[in-house]
Amino acid sequence: MTSSSTQARRLAVGEWTVVGATVLLAVASLLTWYRLPSNVVLDAGTSARAFTAWSGGFSPTTLLPLVFGLAIAVPTVLGRLADLQLPERIGGIRCTQLRLILAAGALLLAISEVATQRAYGPVSLQRGPGLWLTLLASCALLVGVVLDHRAAASPPTPPTTSSDDLTGT
Amino acid sequence: MIIAAGAVTVIGAFLPFWEVPLVGTTNAWGRLLFPIATLMPVFGLVMAVQVAAARFGNVQFPDRVLSFTWPQVHVALGSFAALLAVCYLVSDKGIMSFGIGYWIVLLGCLGLVTGAVMLEREPANR
C-alpha cells in the first residue's frame with residue numbers, strides 16, 4: 001500500500017520545480033504588476049492605483065504565463081499521483097516538446113511584459129513585485145521542464161551491486 | 001501560405017493597431033505595444049523567411065532545432081502568434097478601439113497557423 005505522501009515524493013526534482021513555479025505564478029498574478037506613481041492625482045471615480053495580472057486592460061496576455069504553467073503542471077501532477085495516461089503526442093508534437101514550448105513561451109511573455117512600457121492614459125505605470133516574481137517563476141518553470149526533459153531522456157540507472165551480492169552471502 | 005501570411009502580418013504591424021480618441025494611433029512597434037504585440041510580426045517574418053529560403057533559395061537548414069523539426073517550429077510559432085492575436089481581441093480595450101492594422105495582423109496570424117498545420121501535414125514531413 002502506498003500513501004499519498006509517499007506517492008507525492010515520487011515527483012522528480014524537475015517536476016517539483018514545475019509545480020513550485022506554477023504556484024509562484026499563481027501568487028504573482030494576484031500581486032501588484034503595475035502601479036500609478038504616487039505623485040499622480042486620480043480623477044474622481046477612479047480608485048485603482050495598483051493593477052494585477054487579472055486587471056482589465058492587461059489580461060489575458062498577462063495571464064498567459066500562469067495558463068502555460070498550469071498546462072504543464074496539472075498533467076504532470078495528475079500523471080504522477082492519479083496514474084493518468086496522457087497521450088504521447090498532441091497534434092504531431094510530443095508532450096515533452098509541448099512542455100518546452102509552453103515554458104519557453106511563458107518566459108518570453110514575462111520578459112516582454114517587463115520590457116513593455118504600460119501606461120494608464122498619459123501616465124506611465126511603475127512595475128510592481130508581481131511582474132518581477134512572474135519573471136522569476138517563468139525562469140524556474142523552464143528550468144524545471146528542462147530538468148524533467150533531461151531526466152526522461154537519460155537512460156535508467158542500472159541497479160547497484162552490493163558487496164554482499166558479489167560474495168553471494 | 002506561410003510566406004503570404006507572414007508578409008501580411010509584417011505589413012499590418014506598421015499600420016494603426018490601436019486608435020485612442022483625442023490622442024491618435026499606435027502600431028505594433030509603438031511604445032505601448034512593443035515588444036508583446038511585436039512578437040506576432042516577428043514570428044511571421046521568421047516563419048516566412050525560413051520557408052522562402054528553404055523552398056526558393058535552396059538554403060540547407062539543419063533537420064532539427066533543439067529536437068524540433070521545422071514544421072513543428074512553424075506550428076509552435078504560428079500558434080503562439082495566433083494566441084496573442086486572439087488575446088488582444090478579447091481583452092478589455094477601454095476607450096481604445098482596434099485600427100485596421102490589428103485586423104490585418106489577426107488575419108495574418110490565422111494564416112500563419114493554418115499554413116503551419118498544412119506544412120506539418122504534408123506527407124514529406126510526417
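For this structure, a couple of remarks:
- Relative contact order (percent, whole number), region B:2-125, Cα cutoff 8 Å, 6+ residue spacing: 41 percent
- Once the convex hull of all Cα atoms in region B:72-126 is built, its volume per residue stands at 56 Å³.
- Qualifying chymotrypsin sites (Phe, Trp or Tyr not before Pro) in region B:4-55, DSSP loop, other Cβ atoms within 10 Å at most 16: B:Phe14, B:Trp29
- GNM top mover of B:Pro16, B:Pro41, B:Pro62 - chain B, alpha-carbon springs below 10 Å: B:Pro62
- P(r), alpha carbons of region B:2-125 - 5 Å bins starting at zero, rounded %: 2, 12, 21, 22, 16, 11, 7, 5, 2, 1, 0
- Other residues whose C-beta falls under 13 angstrom from the C-beta of B:Val20 contribute a net charge of +1, scoring Lys and Arg +1 and Asp and Glu -1.
- The modelled label-to-label distance for the pair B:Arg64/A:Val114, using points 7 Å beyond Cα in the direction of Cβ, is 3.1 nm.
- Cα shape, the protein assembly as shown, gyration tensor, a/c 1.5 rule: oblate
- Note on A:Ala82/A:Leu30: beta-carbon distance plugged into 1/(1 + (r/R0)^6) with R0 of 30 Å gives a FRET efficiency of 0.65.
- Membrane-span-like helices in chain B, defined here as complete DSSP H runs extending at least 18 Å along the helix axis by their C-alpha atoms with mean Kyte-Doolittle hydropathy no lower than 1.0, are B:39-55, B:70-90, B:100-120; this is a sequence and geometry rule, not a statement about a membrane.
- You can think of it this way: the chain between A:Leu136 and A:Ser38 has 32.7 nm of extra reach, that is 0.36 nm per residue less the Cα-Cα gap.
- Computed FRET value (nearest 0.05) for A:Val123 with A:Val67, which takes r as the C-beta separation and R₀ as 22 Å: 0.15
- Cβ-Cβ FRET estimate between A:Ala153 and B:Glu122, R0 fixed at 22 Å, reported to 0.05: 0.20
- Of the trypsin sites (Lys or Arg not before Pro) found in region A:15-100, those in coil by DSSP whose Cβ has at most 16 other Cβ atoms within 10 Å are A:Arg49.
- Remark: chain B carries a charge dipole of roughly 120 debye about the Cα centre, counting +1 on each Lys and Arg Cβ and -1 on each Asp and Glu Cβ.
- Annotation note: trypsin sites (Lys or Arg not before Pro) in region B:4-80 located in DSSP loop regions with a Cβ neighbour count of at most 12 within 10 Å are B:Arg31.
Rule-based calculations on the coordinates, nothing more; no lab input. Computed from a predicted structure; not experimentally measured. In this analysis, Cβ positions are derived from the backbone assuming ideal geometry, glycine residues included, and neighbour counts consider all displayed protein chains.
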